[in-house]
Amino acid sequence: MPRVFIKTYGCQMNERDSEAVAAQLVAKGYTLAPSEETADVVLLNTCSVRDLAEQKALNKMKAIAGVAGKERRSPVLGFMGCMAQSRGQKLIDELPDVDLVLGTQKFHRAAEYLDELLNGARKKIVDVAEEKDSEATIREHLLNGSAKKSVSAFVSIMQGCNQYCTFCIVPYTRGEERSRTIPDIVAECTELVSRGVKEITLLGQIVTSYGKRDIPARDGKSAFVQLLEAVHAIDGLKRIRFTSPHPKGYGDDLIDAYARLPRLCESAHLPVQSGSDRLLKLMHRGYTREKYTGIIKKLRAARPDIGISTDIIVGFPGETEKDFEETLSLAREVEFDQAYIFKYSPRRDTPAAAMPEQVPQRVREERNQVLLQTVNEICAHKYETFVGRQAQILVEGPSRRNSARMTGRTRCNKIVVFDGDERHCGQIMDVKITRAGSFTLYGDAAILNL
Ligand code: 5AD
């Protein structure tokens, strides 16, 4: 049976899509190869959000094709996901060794297309068409993989984005917002819990817009909050998370859900992008700085221990020193637990790419460094405040860096490494935090869990 190797670039949605493709192929008898060198099929699941991610995948494919050519092997090579969607046939024109280009609404067709390519029925396949109901096809899970995966699972609840932020390529690669139904999602989650999953992260490009068009608000609760309640009611599920939301989706019903639903973890990833109202408007974000900080205040009032992370772009076209200062001051004001900072990267067909006043690369680099230093100092201080305190963790499995140790996550989404063993895997336990490292806490379970 064919051996397949899948490499994933980009976000958790891509991780989830790759897992669903892998599960689909395993069900058809494929085995998963540990690397591209021994694989009969190599699939790169790509990201288009910044140019660097595209270049990485293109270079990787060139290298794979080069090595295979020298060794006189001809594995089936495929691009899937966002870059496949946005470049289509052009990928094969540029890289003639590529056999398959599979768009973001076509992941469920991977097995059928690979069969045709492997048995020679077709030579090349490009499918980047839209497909109705494809949002409900990302459902198979690979729970027999690592122990880690069977503790915590991702569930895709919707696809696409209608926000059209001026910097962002996602609406063009993922299409219009399309949501699965609540019963369909609950059935998938229930099945996962019956197979031992303790924590579920609901995924989508813009989860707070879930079901907006199809599911009317009820008792003042948006479709997304109704979904949270339905998933929360599943017996045996210990923790719920979601990513990524949009600040405009944080109405009082969602804040109230944090206060009411104990299994909803006190953690939120709330991309702010900029601290300048002028830039927020140019970015088409749909909120002001004051609205954003107001949401943070309400969330912290509902759950004082909430962990808040964000995404920030530096060097958006027209960003002045003053705009950048406002982003710095926002970072100081909010004190994020973690902030992912991105240098603006012009994306094809997005309005921002055509704006005059593109910020020179050197300035983007400088601002990136300055902001990184500021947020990292604040984060380090935040992590230090955990030392000496007790935290509840869900143990996910052996630590990646040191397999003799175990790793878990606090409810506020901080990684805790401790001396433990396999029997702790999947357990919710209390640990005492003894030390803080860079974005990692170290804990001692011995005193509290005899
Ligand atoms: N350039 C730089 N960063 C971007 N992001 C999205 N588009 C771009 C772009 N063109 C960032 C945003 C988003 C995160 C996933 O990637 O901060 O929240």
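Nothing in this text is a laboratory measurement; each read-out follows from the coordinates by a stated rule. Quick caveat: nothing in here was measured; it's all calculated off a predicted structure. Cβ: placed from backbone, ideal geometry, glycine included. Neighbour counts: every protein chain shown.
Just to verify a result, which residue in the stretch 278-295, among those that are assigned to a helix (DSSP H, G or I) and without any contact (Cβ under 8 Å) to a residue 40 or more places away in the chain, is farthest from Glu335 (Cα to Cα)?
It comes out as Lys281.
Looking at the stretch 296-329, which of its residues are within 16 Å of the ligand (Cβ to nearest atom), part of a helix (DSSP H, G or I) and either free of Cβ contacts under 8 Å to residues at least 40 places away in the same chain or within 12 Å of Val272 (Cα to Cα) (or both)?
Thr327
For the structure I just gave you, tell me whether Gly29 is part of a loop (DSSP other than H, G, I, E, B) and within 19 Å of Val101 (Cα to Cα). If you could, list the steps in order and put the result at the bottom.
Numbers: part of a loop (DSSP other than H, G, I, E, B): yes; within 19 Å of Val101 (Cα to Cα): no.
No: the conditions fail for Gly29.
From the set of residues in the stretch 360-376 that are within 15 Å of the ligand (Cβ to nearest atom) and among the polar types (S, T, N, Q), which is farthest from the chain's Cα centre (by Cα)?
Gln361
May I ask you to list the residues in the stretch 198-245 that are hydrophobic (A, V, I, L, M, F, W, C) and in contact with a Gly (Cβ under 9 Å, 6 or more places away or on another chain)?
Those that are hydrophobic (A, V, I, L, M, F, W, C) and in contact with a Gly (Cβ under 9 Å, 6 or more places away or on another chain): Ile206, Val207, Ala223, Phe224, Val225, Leu227, Phe242.
Those residues that are under 13 Å from the mean Cα position of the chain (by Cα) and polar (S, T, N, Q), I need them from the stretch 1-40; list them, please.
Hits for the stretch 1-40 are Thr8, Gln12, Asn14, Ser18.
Collect the residues in the stretch 219-273 that are within 15 Å of Thr208 (Cα to Cα), away from the ligand (no atom under 16 Å from the Cβ) and part of a strand (DSSP E or B), keeping them in residue-number order.
Of everything in the stretch 219-273, those that are within 15 Å of Thr208 (Cα to Cα), away from the ligand (no atom under 16 Å from the Cβ) and part of a strand (DSSP E or B) turn out to be Lys221, Ile240, Arg241, Leu264, Ser267.
Residues of the stretch 263-281 being over 21 Å from Phe242 (Cα atoms) and surrounded by 20 or more Cβ atoms within 10 Å (Cβ to Cβ), which ones?
Selection gives Ser274, Gly275, Ser276, Leu279, Leu280.
Conditions first: (1) of a type outside the set (Ser, Thr, Tyr); (2) touching a residue at least 60 places away in the same chain (Cβ under 8 Å); (3) touching a helix residue (DSSP H, G or I) at 6+ places or on another chain (Cβ under 6 Å). Ile200 passes all but one, so which condition is the exception?
(2)
Please state which one of Gly420, Gly443 is over 17 Å from Gly307 (Cα atoms), of a type in the set (Gly, Ala, Ser), out of contact with any Phe, Trp or Tyr (no Cβ under 7 Å at 6 or more places or on another chain) and crowded, with 21+ Cβ neighbours inside 10 Å. Steps first, answer last, please.
Values: Gly443 fails: out of contact with any Phe, Trp or Tyr (no Cβ under 7 Å at 6 or more places or on another chain).
Sole residue among the options that is over 17 Å from Gly307 (Cα atoms), of a type in the set (Gly, Ala, Ser), out of contact with any Phe, Trp or Tyr (no Cβ under 7 Å at 6 or more places or on another chain) and crowded, with 21+ Cβ neighbours inside 10 Å: Gly420.
Residues that are among the basic types (Lys, Arg) and more than 26 Å from the chain's Cα centre (by Cα): which strands (runs of 3 or more DSSP E) entirely in the stretch 396-450 hold 2 or more of them?
428-437
One residue is enough: does the stretch 213-234 have a residue meeting the conditions surrounded by fewer than 21 Cβ atoms within 10 Å (Cβ to Cβ), within 17 Å of Asn162 (Cβ to Cβ) and not aliphatic (A, V, I, L, M)?
The answer is yes, given that some residue of the stretch 213-234 is surrounded by fewer than 21 Cβ atoms within 10 Å (Cβ to Cβ), within 17 Å of Asn162 (Cβ to Cβ) and not aliphatic (A, V, I, L, M).
For residues that are away from the ligand (no atom under 16 Å from the Cβ) and farther than 16 Å from Gln105 by Cα, scanning just the stretch 1-21, find the one that is surrounded by the fewest Cβ atoms within 10 Å (Cβ to Cβ).
So, considering only residues that are away from the ligand (no atom under 16 Å from the Cβ) and farther than 16 Å from Gln105 by Cα, the one surrounded by the fewest Cβ atoms within 10 Å (Cβ to Cβ) is Met1.
If I ask for residues that are in contact with a strand residue (DSSP E or B) (Cβ under 6 Å, 6 or more places away or on another chain) and either surrounded by fewer than 18 Cβ atoms within 10 Å (Cβ to Cβ) or outside any loop (DSSP other than H, G, I, E, B) (or both), which ones from the stretch 380-395 would you list?
Tyr383, Glu384, Val387, Arg389, Gln390, Ala391, Gln392, Ile393, Leu394, Val395
Working carefully through the options Tyr172, Tyr164, find the one that is part of a helix (DSSP H, G or I) and within 16 Å of the ligand (Cβ to nearest atom).
The unique qualifying residue is Tyr172.
List the number of the failed condition for Glu357; all other conditions in (1) away from the ligand (no atom under 16 Å from the Cβ); (2) out of contact with any strand residue (DSSP E or B) (no Cβ under 8 Å at 6 or more places or on another chain) hold.
Among (1) away from the ligand (no atom under 16 Å from the Cβ); (2) out of contact with any strand residue (DSSP E or B) (no Cβ under 8 Å at 6 or more places or on another chain), the lone unmet condition for Glu357 is (1).
If I filter the stretch 134-143 for residues that are farther than 30 Å from Val314 by Cβ, among the charged types (D, E, K, R) and over 18 Å from the mean Cα position of the chain (by Cα), do I get at least one hit? Explain how you work it out, then say what you get.
Residues of the stretch 134-143 farther than 30 Å from Val314 by Cβ: 134-143.
Those still in the list that are among the charged types (D, E, K, R) too: 135, 139-140.
Among the residues that remain, those that are also over 18 Å from the mean Cα position of the chain (by Cα) are: none.
Scanning the stretch 134-143 turns up no residue that is farther than 30 Å from Val314 by Cβ, among the charged types (D, E, K, R) and over 18 Å from the mean Cα position of the chain (by Cα).
Among Val197, Val170, which is the only one that is of a type in the set (A, V, I, L, M), closer than 26 Å to Phe342 by Cα, out of contact with any Phe, Trp or Tyr (no Cβ under 6 Å at 6 or more places or on another chain) and crowded, with 17+ Cβ neighbours inside 10 Å?
Within the list Val197, Val170, the selection yields Val170.
Looking at Phe342, is it within 13 Å of the ligand (Cβ to nearest atom), within 25 Å of Leu299 (Cβ to Cβ) and touching a residue at least 60 places away in the same chain (Cβ under 8 Å)? Before the answer, list the steps.
Details: within 13 Å of the ligand (Cβ to nearest atom): yes; within 25 Å of Leu299 (Cβ to Cβ): yes; touching a residue at least 60 places away in the same chain (Cβ under 8 Å): yes.
Yes: the conditions hold for Phe342.
Please find, within the stretch 398-417, the residue that is surrounded by the most Cβ atoms within 10 Å (Cβ to Cβ) out of those that are under 28 Å from Thr310 (Cα atoms) and of a type in the set (Gly, Ala, Ser).
Filtering first and then ranking leaves Gly408.
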